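Please treat every number below as a calculation from the coordinates, not as lab data. All figures in this text were calculated on a predicted structure; none of them were measured in a lab. Counting neighbours? That spans all protein chains shown, and the Cβs are built from the backbone with ideal geometry, glycine included.
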Amino acid sequence: MHFGLTMPGDGYNVFLLGPTGVGKLTAAREMVSRLAQGGAPPPDWCYVFNFARPHQPNAIRLPAGMGAKLRTDMQQFVEDLQIAIPAAFESEDYRARVEDIEQSVADRQRKMFEQTAEQARSRQLLLMHTPAGFAFAPIKKGDEVLPQEEFAALPEGERNRIEAEIRTMQQTLQKAVRQLPQWAKEASERIKEINREIAKNAVDHLIASLTTHYGHVPELSEYLGAVASDVIDNVMAFMPQQPGNPMAMFARLQTNEALLRYQVNLLVDNSALTQAPVVYEDLPSYANLIGRSEYRAQMGTLMTDFTLIKAGALHRANGGYLVLDARQVLQQPLAWDALKRALKAHEVRLDSLERSVSLISTVSLEPEHIPIKVKVVLIGDRSLYYLLSQYDPDFADLFKVMADFDDTMLRETGADRLYAGLFATLGRLHGLLPMAAAGVATMIEHAGRLAQDARKLSTNLRDLTDLLREANHWATRENATVIGAPHVQQAIDQHAYRSKRVQESHYESIRRGTILIATEGAKVGQVNGLSVLQLGKYRFGWPTRITATTRLGEGKVIDIEREAELGGPLHSKGVLILSNFLASRYAKHQPLSISASIVFEQSYGMVEGDSASLAELCALLSSLSRLPIDQRFAVTGSVNQHGDIQPIGAVNEKIEGFFDVCNERGLTGDQGVLIPGANIEHLMLRDEVVQAVRDGRFAVYAINSVDEAICLLTGVEAGVMTAGGSRPVAETVNGRVAARLGELSKKRRRFASTESKAGRA
């Protein structure tokens, strides 16, 4: 893990794999926190308005801590502008200059109308301003308008002349009036120039102050220049709204939206960091990884802008370390693809999940991509790692380092002291009572039991921590000052008590005779096998009756569990091995002329595993030899084709399962369990079982071959199949089996001969 986190280069991210509870997350956090202390705080990242392309905000990198100061300064800058600009536009100089322009335009208009009126008067016409506009009327002496009656009484030629004069003057007036918009436009341009000049004077000193502080950052120098130009172009946004305006609300919204462009969106603020960042994202969704654009409701519409862009875990971890749970990443839609894309491109591309899956097509923001340099630590189980390695071609390129956590450690010199230190550390972390030496010893013994190995200790910190806290609970209830062995044992017993309802129900069925298990007497073709049932974290063993029958046949061993589709492939494999063992040992020179069947009696669920193959073989040998098997024994172990016994799992629970049944019926001193010799080092039995063995009330036998097992079970020597055996073959189990198979083979040949003669006849 240290190598992957310190190795430079692309793709050297780390995948921590191992079973749940071994402390992968704790180790990852401690390691990255320690390494982060040697790193410098990464830069801040801000999004600012892009005045050239408003839908594409610009990303700016700033030294750590400068982003927050820039955001505050830009907010103050806008507030200062809202005061300085209105004040500048209310000055006497500004008003005088604007009034001069307006008066100049008014003078030109007045002069134009005076000239037109004088020209009309010279033509005996009067220019009048009516509600419908300007009009010309004929006049008589004294500038009086000629009445309509008198005009109608004039000779036709005179009337035609006057109407011609009126038309000429109307054309002259129209030509003059066409100049009015141009004069107004020129005046407006002159006023705008004055506005820009006034605004520039108000903005320059404020921008100069910002440039002094931030001008050394090239991106900010360019940005501040664009801000100054935009403020001058949109200076009216800083002017107060006129009171009584019926559209004041809409105008205020437009003003607020216009002023947002001068804000700074501080995406990543590293001002409080003194080292490289360490981020653990417990909900690694698409948006939480790469960020998102939020929306605000405005007038019944959802709106967004660059100030609503929010950072993701990759932004916050930029320049440091990001710790993620692999299973959670894979469970979130498109999160895994987004993470891979960011790591491959070395940048975060902010794109909404809706657009990624083409659920919406509205215009949205396209923020500038932010480059990243981050070490990613993925935490998951082994199956996830190997599945990703197999089916994701990008995985090997992006996560080149695997750190495989074992759930056990060797119980070698110094391991007990390390464990004692671990418990002390856990106690301090969780505010628990100190532990007595006997309590530590009990915890260590339980850790060995969790590891299912006398030479190893479990490293499942979750289970050990839970046990320690529960032991502290019982110690606190007794007002004890330390956690002793009784408190640890009470926590162990209470956990078993809370989990053993199904176990007690099964044992009750055995006690009442509903499930038939014999612990005394002897029976041909019947043996006590041992099974294990796991419910959550709790598992227990129970004895199961296994029976076998044999008869004349064609060498086939029938697995009834498999025929009923209740046997798994491993169990079926074990039965096939038994068939081959019988053929290779007893039928080298003759056909295997039996038909045998094996079954787990009163089994109504799936049977899996080959740990019962020894018991099944012993039942077969008992049936063939007609030697009864002592029912005070139970058998577990796997057998190979040569008759060697192979180790199995859950040996402690299997022994304890048969012990519990025998103990409830009364221990006789001659009951016991046969286990593979290789499982001796895995024994971590309960104290009461160990004490019963020590007192001679119960026994555990380690065996290494089928011959040893059948000898113990039948009380008859197994014998040697070679001619050099120490006893006659016929007096042994193997001799009886060989003799029986020989008889069956002869019978089969006689039947075959009889059938052949009948066929010829």
Between Y604 and N640, what is 0.36 nm times their sequence separation minus the Cα-Cα distance? Round to one decimal in nm.
10.3 nm
Once both label points are put 7 Å beyond Cα along the C-beta direction, the E257-Q148 separation in nm becomes 5.3 nm
Between R428 and T549, take the C-beta separation as r, use R0 = 41 Å, and let me know the FRET efficiency to the nearest 0.05.
0.05
5 angstrom amide H check on L267, placed H, neighbours 5+ away
W45, C46, Y47
How large, in Å, is the chain by the Kirkwood hydrodynamic radius built from its alpha-carbon pairs?
36.2 Å
Percent relative contact order for the range 334-483, counting Cα pairs under 8 Å at least six residues apart, stands at 19 percent
Got a sec to turn the phi values of the range 732-738 into Karplus ³J(HN,Hα) couplings, 6.51 cos²θ - 1.76 cosθ + 1.60 with θ = phi - 60°, whole Hz, x for Gly and Pro?
10, 4, 4, x, 5, 5, 4
Among the listed pairs K375/K537; K310/K344; K24/K340; K340/K537; K573/K746; K24/K500, give every one whose C-alpha distance is greater than 28 Å.
K375/K537; K340/K537; K573/K746; K24/K500
The chain, relative contact order in percent, only Cα pairs under 8 angstrom and at least six apart counted
12 percent
Of all DSSP beta bridges in the chain, antiparallel share, percent nearest 5
60 percent
Cα-based equivalent ellipsoid, the range 324-427: semi-axes from gyration tensor eigenvalues, Å:
40, 16, 14
The range 1-65: percent of C-alpha pairs farther apart than 13 Å?
75 percent
Around A317, under 9 Å between beta carbons, what's the net of Lys plus Arg minus Asp minus Glu among the other residues?
+1
What is the set of long-range amide H partners of M435 at a cut-off below 5 Å, with H atoms built 1.01 Å from backbone N?
I483
For an R0 of 35 angstrom, estimate the FRET efficiency from the Cβ-Cβ distance between K556 and Y701 and round to the nearest 0.05.
0.65
Of all the Cα-Cα pairs you can form in the range 593-702, what percent are over 18 Å apart?
55 percent
Considering the zone a paramagnetic label at I139 would reach in this model (a point 7 Å from Cα along the Cα-to-Cβ line), which residues of the range 104-119 have amide N under 19 Å from it?
110-119
Under 5 Å from the placed amide H of V639, counting only residues 5+ away or on other chains, we find S613, L614, Q646
Going by average Cβ neighbours within 10 Å, how do the peptides 284-297, 162-175 rank, with the highest at the top?
284-297, 162-175
State the extension gain, in nm to one decimal, for the chain segment bounded by A730 and E102, taking 0.36 nm per residue of separation less the distance between their alpha-carbons.
212.5 nm
If we count every other residue with Cβ under 13 angstrom of R551's Cβ, Lys/Arg +1 and Asp/Glu -1, where does the sum land?
+3
Quick one: Karplus J couplings for the range 260-265, per residue in order, coefficients 6.51, -1.76, 1.60, θ = phi - 60°, nearest Hz, x for Gly and Pro?
4, 5, 8, 7, 10, 8
Ranked highest first by average number of other Cβ atoms within 10 Å, how do 635-644, 544-553, 477-486 line up?
635-644, 544-553, 477-486
Kindly state, to the nearest 0.05, the FRET efficiency for E368 paired with S229, given R0 = 30 Å and r defined as their beta-carbon distance.
0.90
Relative contact order as a percentage, the range 45-191, C-alpha pairs under 8 Å and 6+ apart, gives 16 percent
17 Å Cα-Cα reach of K175 towards aspartates and glutamates, excluding residues that sit fewer than 8 places from it in its own chain:
E114, E118, E165
If each of T6 and R53 carries a label point 7 Å out from its Cα toward its Cβ, how far apart are those two points in nm?
4.3 nm
Cα extents of the range 62-159 along the three principal axes, largest first, in whole Å?
96, 24, 18
With each pseudo-label sitting 7 Å past Cα toward Cβ, what's the L535-K344 distance in nm, one decimal?
4.8 nm
Stretchable slack from H205 to E186, in nm (0.36 nm times residue separation minus alpha-carbon distance):
3.9 nm
Hey, any idea what Rg/Rh is for the range 647-700, computing Rh the Kirkwood way over Cα pairs?
0.94
What does the range 81-235 give for Rg and for Dmax, in Å, if only its C-alpha atoms count?
26.8, 88
Computed, not fitted: 222 nm per-residue ellipticity of the chain from DSSP H runs ≥ 4 (each -39500 (n - 2.57)), nearest 500, equal to -16000 deg cm²/dmol
Taking the Cβ of N270 as the center, what net charge do the other residues with Cβ under 12 Å away carry, scoring Lys and Arg +1 and Asp and Glu -1?
0
Residue-ordered couplings for the range 75-85, obtained by feeding phi - 60° into the Karplus form 6.51 cos²θ - 1.76 cosθ + 1.60 and rounding to whole Hz (Gly and Pro as x), are 5, 5, 4, 5, 4, 5, 5, 5, 9, 5, 5
Sort 28-37, 411-420, 706-715 by packing, meaning the average of other beta carbons within 10 Å per residue, with the highest value first.
706-715, 28-37, 411-420
